[in-house]
Amino acid sequence: MKLLFLLFIPVFCFSQTNNLKFSSPSETNAVLVGYQASFDPKKNEDDHDILKTVHIVEISYSKIYDRGGRHPASVNYYVGNDFIVNFKQFIIGPKFGVNFSASALSIGSEMSFYTDFEKFSPRLSPFIGFGVNGFKLFISFPIKFSKTEFIPVNTLNLGITVPVFSTNNKKSQTTTEN
């Protein structure tokens, strides 16, 4: 065991000294497209059984600030809309949110304002998952702020968001860390 430890000391001592190139800090404007599934919602106020899974499509404009470097981290501010696509009426949900990513861990929150143009239901959705630079695979926990329950969205959503178009405004090309 001691011999094994002594053999790996050089690897541990020099692991942070290499000539790999890493990205520098950057700002990116992106269009994000996402999908969320809300499983097994409760009955609505009319006490009718509704769909077992609600499908939510998201389209957002995002501003991503990437720290760059050896350990990636980013902050993502976004505004956009949710569209509930498999419900009996048209429901839209304007929203805004923030997402913090460090290495592969992603946490954040968004505020959605669902409406069918007759009723209104604001919801705060904190989330946790995996992701970086606009991409995220997450679990969210919507919290409703009104008693109006016309949207069959449960308290647990599973979703994915990907950037489909982006413009990169880099501050510099690359850096070498020693």
Residues in region 101-124 that are part of a strand (DSSP E or B), out of contact with any Pro (no Cβ under 9 Å at 6 or more places or on another chain) and exposed (fewer than 15 other Cβ atoms within 10 Å of the Cβ) total 2
Worksheet item: Within region 153-167, is there a residue that is out of contact with any His (no Cβ under 8 Å at 6 or more places or on another chain), assigned to a loop (DSSP other than H, G, I, E, B) and either surrounded by 15 or more Cβ atoms within 10 Å (Cβ to Cβ) or at pLDDT 90 or above (or both)?
Response: yes
Taking region 74-95 and the residues there that are among the aromatic types (Phe, Trp, Tyr) and surrounded by 14 or more Cβ atoms within 10 Å (Cβ to Cβ), the one that is modelled with the lowest pLDDT would be 87
Those residues of region 138-149 which are in a strand (DSSP E or B) and either of a type in the set (Gly, Ala, Ser) or touching a residue at least 24 places away in the same chain (Cβ under 8 Å) (or both) amount to 138, 140
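The values are calculated or read from the model by the stated rules, or taken from the named source; none is laboratory data. Quick caveat, the model's predicted, so the values are computed rather than measured. Cβ: placed from backbone, ideal geometry, glycine included. Neighbour counts: every protein chain shown.
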